[in-house]
Amino acid sequence: MSGLLAVFRGEIRRIFTLRPVFSVLIIGSAFYAVFYPQPYLNEALRNVPIAIVDADGTSVSRELARRIDATPDIAVTMVLPDLVSAEREVYARKIFGILVIPKNFERDLLHGRASPIALYADASYFLVYQRVSGGVAAVARSLGAEVETTRLIGIGVDPALASAASDPMQLTALPLFNPQGGYATYVLPGAFVLLLQQILLMGVGLLGTLPGLVPAGNVPDGRPPGPFATLAGKMLAYLLLEAVILPLYLLALPYFYGLPRLGGVVPILIFAVPFVLSVSGLGLVVAAIFGNPLSVQLVLASIGLPFFFLAGFAWPTEVIPDAVHVVSLMVPSTSAINGFTRLAQLGAPLADVRGEFLMLWGLTLFYGGILWILEVRKRKTHEREDLGAGSRPPFPGVSPQSDR
């Protein structure tokens with residue numbers, strides 16, 4: 001126990017005295033907490049500029065344009081005479097969509113004939129395309145139903161029947177767990193978990209490669225701590241550090257930025273324990289493999305983006321190839337993002353994420369076992385080197401026998 005506590009105190013001291021580690025774990029955590037959510041504060045994309053080419057010029061076509069402009073997602077910033085001039089504005093990136101209303105649009109509607117409109121939306125940015133196409137489609141359906149209802153009433157159909165005939169299956173969409181339908185509510189909870197993982201990986205990787213290990217003299221009996229005490233002391237130090245940083249990211253920041261949270265605090269903190277331990281183990285394994293701080297930083301920086309795509313919220317897990325998904329389970333964030341999201345945003349009990357919970361504990365034992373084996377081998381190697389050094393003569397080339 002004394003050896004474990006000595007390692008624990010030494011590792012805490014190294015976190016606050018080694019400048020690169022302090023910069024990553026403390027300053028980096030504060031920096032990302034303040035600046036990372038800023039681009040997402042508007043939640044939803046609003047007032048995407050589009051142009052309208054109205055070849056009909058009637059009251060119904062103008063009403064269509066007015067209703068589209070009144071939606072929160074779209075802003076009609078230009079009314080142009082032809083498609084060619086509208087295309088020039090798209091290439092200049094002044095607008096992101098063109099709505100073409102054909103000639104005889106009103107006449108065909110009033111006669112009960114199809115009167116299609118054409119929408120050209122910029123799909124190179126999927127969020128823009130989704131907002132423009134969804135907004136125009138909703139207005140077109142609503143106006144089309146009203147025109148058809150008016151036409152049926154004009155030919156003597158009962159108003160109630162005419163309304164039901166023009167729109168027989170009305171849809172009421174209620175967004176669950178994301179009332180605003182915002183991008184920040186969707187991406188930030190998972191991004192916070194990825195940030196915690198990346199910061200802890202980088203910090204632990206640096207701690208595993210920079211000098212400054214706890215000397216044996218710090219232990220009361222003078223003996224160096226054993227392999228298990230060394231690993232447990234380090235893990236305990238990282239767990240104590242994350243006991244402050246992790247609630248800031250997963251509890252305080254969502255509350256501060258108004259992200260919906262239905263889950264309790266205790267299940268989130270319980271689930272966080274194997275997450276922190278497994279990430280710490282992975283960071284120490286990376287440090288043991290690459291051996292120097294620069295290599296650790298380069299490797300972890302280069303795999304940060306693949307971790308993002310393997311996590312399952314940038315691209316659905318169901319369409320990721322099975323082999324790739326199995327490999328991604330070796331990364332703690334893959335299980336942690338799903339578990340934290342269900343606990344915090346969906347209000348699920350801890351029993352509903354037992355698969356992810358057990359997976360994180362399995363990764364903790366897996367990486368911990370690798371570290372224990374590496375630590376034992378390193379100590380045996382050092383012992384053999386010490387024995388070899390002790391058996392060599394103090395002055396090479398001189399026989400230890402006494403002079404005759």
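Any residue at all in region 303-318 that is within 24 Å of TYR255 (Cα to Cα), touching a residue at least 24 places away in the same chain (Cβ under 8 Å), in the same structural domain as LEU282 (by TED's automatic domain parsing) and assigned to a helix (DSSP H, G or I)? Yes: region 303-318 contains one or more residues that are within 24 Å of TYR255 (Cα to Cα), touching a residue at least 24 places away in the same chain (Cβ under 8 Å), in the same structural domain as LEU282 (by TED's automatic domain parsing) and assigned to a helix (DSSP H, G or I). Test VAL34 against the criterion of being assigned to a helix (DSSP H, G or I), free of Cβ contacts under 8 Å to residues at least 12 places away in the same chain, hydrophobic (A, V, I, L, M, F, W, C) and farther than 30 Å from ALA232 by Cβ, and give yes or no. Spelling it out, VAL34 is indeed assigned to a helix (DSSP H, G or I), free of Cβ contacts under 8 Å to residues at least 12 places away in the same chain, hydrophobic (A, V, I, L, M, F, W, C) and farther than 30 Å from ALA232 by Cβ. Among the residues of region 332-358, none is identified as open to solvent by 60 Å² or more (accessible area, probe 1.4 Å), at pLDDT 95 or above and either within 28 Å of ALA184 (Cα to Cα) or not assigned by TED's automatic domain parsing to the domain that holds LEU262 (or both). Of all residues in region 155-182, those satisfying the criterion of being open to solvent by less than 90 Å² (accessible area, probe 1.4 Å), more than 30 Å from LEU127 (Cβ to Cβ) and either assigned to a helix (DSSP H, G or I) or not small (Gly, Ala, Ser) (or both) are VAL157, ASP158, PRO159, ALA160, ALA162, SER163, ALA164, ALA165, SER166.
Rundown of residues vs (1) crowded, with 19+ Cβ neighbours inside 10 Å; (2) among the β-branched types (Val, Ile, Thr); (3) in contact with a strand residue (DSSP E or B) (Cβ under 6 Å, 6 or more places away or on another chain), yes/no style:
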residue	(1), (2), (3)
TYR249	yes, no, no
GLY258	no, no, no
VAL285	yes, yes, no
GLY291	no, no, no
SER295	no, no, no
VAL299	no, yes, no
SER302	no, no, no
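Is it true that some residue in region 102-122 is surrounded by 20 or more Cβ atoms within 10 Å (Cβ to Cβ), among the acidic types (Asp, Glu) and in contact (Cβ under 8 Å) with a residue 24 or more places away in the chain? There is at least one residue in region 102-122 that is surrounded by 20 or more Cβ atoms within 10 Å (Cβ to Cβ), among the acidic types (Asp, Glu) and in contact (Cβ under 8 Å) with a residue 24 or more places away in the chain.
Counting the residues of region 360-400 that are open to solvent by 60 Å² or more (accessible area, probe 1.4 Å) and at pLDDT 90 or above gives 5. Scanning region 129-162 for residues that are among the acidic types (Asp, Glu) and modelled with pLDDT of 90 or more gives no hits. If you go through region 16-31 and keep only what is in contact (Cβ under 8 Å) with a residue 40 or more places away in the chain and either loosely packed, with under 12 Cβ neighbours inside 10 Å or closer than 30 Å to GLN130 by Cα (or both), you end up with just THR17.
The values are calculated or read from the model by the stated rules, or taken from the named source; none is laboratory data. All values derive from a computational prediction rather than experimental measurement. Cβ coordinates were reconstructed from backbone atoms using ideal geometry, including for glycine residues, and neighbour counts include every protein chain displayed. Areas reflect the complete protein model, heavy atoms only, side chains present, ligands, DNA and RNA absent. Shrake-Rupley method; radii C 1.70, N 1.55, O 1.52, S 1.80 Å.
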